[in-house]
Amino acid sequence: MTARSKFVVDGHVHVYQNYDPDVFFQTAVANMEKFSQPGQRNDIRETQKILLFTEGKENDFFSRFKNGELQLSNPDYKFQETKEKMSLVLMDKGKPLCYILKGRQIVSKEKLEVLAVATAHHMADGLPIREVLEKIVNREEIAVLAWGVGKWFLKRGKIINQILNEMKSPYLFVGDNSARPGLWPMPGLLKIAKNMGIPLINGSDPLPFETEVKKVVSYVFTIKGEFDSLQPGKSFRDALLANPESIRLWGSRDSTFSFFRRQFKMFVRKHFG
């Protein structure tokens, strides 16, 4: 049985080895509560909390949670399977806390990022970005062109611009993330996508530092649609395709100081281990 719902979604979620999984889910659920008021519309009966895992080639925490390799210390918290390979539900004393949808962050040949969300399919890094996008949308799954600092300029910016102008698919989205400083204006290519009717979603996109575990669900979107608890992945995808005009962005992005501090830490990690 389905129910008309508001979905609260972090559209760009990573889990890393140095994260405390208990802190991760406690933070995710607590932050989602901030955005979970159903609203005043009489047709919205429930609120669904959803984490879109967008894992890189080195991580598959979704499978580790699913097969019981990783468990939470709270004995009331249990991961429960659904009818789908791509989804899990975190239960608290038999009640759903949040739904977890499997997905991939794919790095293309051009070093651009594509998110394949709500999918159990695997795709290798290193393919040309057009091939990556075509493979995803041809499966009738959601592909997200993920904005990245310094990646949507010059030659790569022209590639993104061409894709936005030439690739017409309801399965193509663009993605913002919390790393873009709050005082920065919307990037020109995101404006182009908006003007062309390509929907924008967003997510927290935490970095692989222990303290970033609390960044999950800092930047989210909401959408309205029908929800089936046995098929949360399909429900989410159907809502996104049927009601993109109902997407609303919530939460906060980095301050300018936080942005430069995080970028410096990533520079040091990349070049000095």
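The values are calculated or read from the model by the stated rules, or taken from the named source; none is laboratory data. All values derive from a computational prediction rather than experimental measurement. Glycine also receives a Cβ, built like all others from the backbone with ideal geometry; neighbour counts cover every protein chain displayed.
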### Task
For segment 16-59, name all the residues that are among the charged types (D, E, K, R), modelled with pLDDT under 95 and either farther than 17 Å from Leu97 by Cβ or not in a helix (DSSP H, G or I) (or both).
Arg41, Asp43, Arg45, Glu46, Lys57, Glu58
### Query
Quick one: Ile201 ticks every box in (1) surrounded by fewer than 23 Cβ atoms within 10 Å (Cβ to Cβ); (2) modelled with pLDDT of 95 or more bar one, so which box is it?
(1)
### Query
If you check Ser87, Ser63, which single one turns out to be touching a Phe, Trp or Tyr at 6+ places or on another chain (Cβ under 7 Å), within 27 Å of Ala124 (Cβ to Cβ) and of a type outside the set (A, V, I, L, M, F, W, C)?
Ser87
### Task
Say whether the condition of being basic (Lys, Arg), at pLDDT 95 or above and touching a helix residue (DSSP H, G or I) at 6+ places or on another chain (Cβ under 6 Å) is met by at least one residue in segment 76-90.
no
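Matching residues to (1) surrounded by 18 or more Cβ atoms within 10 Å (Cβ to Cβ); (2) under 17 Å from the mean Cα position of the chain (by Cα); (3) farther than 17 Å from Lys168 by Cα; (4) free of Cβ contacts under 8 Å to residues at least 60 places away in the same chain:
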site: Gly103; (1), (2), (3), (4): yes, yes, yes, yes
site: Ser108; (1), (2), (3), (4): yes, no, yes, yes
site: Gly126; (1), (2), (3), (4): no, no, yes, yes
site: Arg130; (1), (2), (3), (4): no, no, no, yes
site: Leu133; (1), (2), (3), (4): yes, yes, no, yes
site: Ile136; (1), (2), (3), (4): yes, yes, no, yes
site: Ile142; (1), (2), (3), (4): yes, yes, no, no
site: Leu145; (1), (2), (3), (4): yes, yes, no, yes
### Task
Specify the residue that is surrounded by the most Cβ atoms within 10 Å (Cβ to Cβ); the eligible residues are those in segment 147-160 that are out of contact with any strand residue (DSSP E or B) (no Cβ under 6 Å at 6 or more places or on another chain) and outside any helix (DSSP H, G or I).
Trp152
### Query
Inside segment 194-211, can you point out the residues that are in a helix (DSSP H, G or I), without any contact (Cβ under 8 Å) to a residue 40 or more places away in the chain and either in contact with a Gly (Cβ under 6 Å, 6 or more places away or on another chain) or closer than 21 Å to Thr54 by Cβ (or both)?
Thr211
### Task
Kindly provide the set of residues from segment 166-183 that are in contact (Cβ under 8 Å) with a residue 24 or more places away in the chain, farther than 22 Å from Ser5 by Cβ and assigned to a loop (DSSP other than H, G, I, E, B), ordered by number.
Met167, Ser169, Ser178, Ala179, Arg180, Pro181, Gly182, Leu183
### Task
Pairs only if they're at least six apart or on different chains, beta carbon under 7 angstrom, first in segment 60-71 and without any contact (Cβ under 8 Å) to a residue 60 or more places away in the chain and assigned to a helix (DSSP H, G or I), second among the acidic types (Asp, Glu) and surrounded by fewer than 18 Cβ atoms within 10 Å (Cβ to Cβ); list them, first residue then second.
Lys66/Glu81
### Task
With the condition kept exactly as written, say whether any residue in segment 247-269 is touching a strand residue (DSSP E or B) at 6+ places or on another chain (Cβ under 9 Å) and polar (S, T, N, Q).
yes
